Amino acid sequence: MHKAKIILASQSPRRKQLMEMAEMDFEIVVADVDETNPPGMPGAEVPEFLSRKKANAVAHLTGNAIVVAADTVVLLDEHILGKPKDAAHAIAILKQLSGRVHMVVTGVCIKQGTKEICFSTTTEVHFRTLSDEQINHYINKYKPYDKAGAYAIQEWIGVTGIEKINGDYYNVMGLPIGELIIALKGFEI
């Protein structure tokens, strides 16, 4: 039987790293899609909606390959905190998260031909209270402008600023890799 290729429809270095850590054989094809969502859509539904959009954008280019697409949002009080536009915006986002609990939701869509499995994973993240000095240090040194919520759990801020999480650590990095591996068992790999 012909082995189906796995295509990661993402340019995220963290998703690539997680799939490599899981020793998956895959290629990257970046999904070029408009990442806006319908007005009024609850924030927790946005990642799965966008991951489906990304999977569909790539699937028609890849024959019988299995397409894996994902999207991650940070939700504070049901509002999406996106990627920061600049340092001032990153500081404002981290000040909002400081001392608070927020949710990280990653939507994943796997598509092969007409078969599709989509799901979302939510992790609760508890931030310690961050000083202005800590926030400025993190922004200046790590420049988290490509990260939802202006932080990466695997960087300094995660080690020093996160008190605890309830849920999947790798989900906060951008891909619930364990759940993905289980879901892939339903496809012809």
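The values are calculated or read from the model by the stated rules, or taken from the named source; none is laboratory data. Model, not experiment: these values are computed from the prediction. Don't worry about glycine lacking a Cβ; one is built from the backbone with ideal geometry, like all the others, and counts go over all protein chains shown.
Structure notes:
- In segment 129-150, residue farthest from Val101 (Cα to Cα) [restricted to those that are over 18 Å from the mean Cα position of the chain (by Cα) and either polar (S, T, N, Q) or not in a helix (DSSP H, G or I) (or both)]: Asn140
- Total residues in segment 79-113, condition polar (S, T, N, Q), modelled with pLDDT of 95 or more and crowded, with 20+ Cβ neighbours inside 10 Å: 1
- Residue that is farthest from Gly43 (Cα to Cα), among those in segment 166-183 that are of a type in the set (A, V, I, L, M, F, W, C) and surrounded by 17 or more Cβ atoms within 10 Å (Cβ to Cβ): Ala183
- Pairs with Cβ under 6 Å, 6+ apart, first in segment 111-126 and closer than 12 Å to Val73 by Cα and part of a strand (DSSP E or B), second among the basic types (Lys, Arg) and at pLDDT 95 or above: none
- When residues of segment 136-150 are limited to those that are among the aliphatic types (A, V, I, L, M) and within 24 Å of Glu78 (Cα to Cα), the one surrounded by the most Cβ atoms within 10 Å (Cβ to Cβ): Ala150
- Scanning segment 151-161 for residues that are of a type in the set (A, V, I, L, M, F, W, C) and either surrounded by fewer than 17 Cβ atoms within 10 Å (Cβ to Cβ) or in a helix (DSSP H, G or I) (or both) turns up Trp156, Ile157, Val159.
- One residue stands out in segment 49-65 among those that are under 19 Å from the mean Cα position of the chain (by Cα) and of a type in the set (A, V, I, L, M): the one that is surrounded by the fewest Cβ atoms within 10 Å (Cβ to Cβ), namely Ala57.
- Looking across segment 162-189, the residues that are part of a loop (DSSP other than H, G, I, E, B) and aliphatic (A, V, I, L, M) come down to Leu175, Ile189.
- Segment 114-135, residues that are exposed (fewer than 15 other Cβ atoms within 10 Å of the Cβ) and out of contact with any strand residue (DSSP E or B) (no Cβ under 8 Å at 6 or more places or on another chain): Thr114, Lys115, Thr129, Ser131, Asp132, Glu133
- Listed here are the strands (runs of 3 or more DSSP E) enclosed by segment 1-91 that have at least 3 residues being under 19 Å from Glu179 (Cα atoms): 6-8, 66-76.
- Filter result (crowded, with 17+ Cβ neighbours inside 10 Å and touching a strand residue (DSSP E or B) at 6+ places or on another chain (Cβ under 8 Å)) within segment 27-48: Val29, Ala31, Gly43, Val46, Pro47, Glu48
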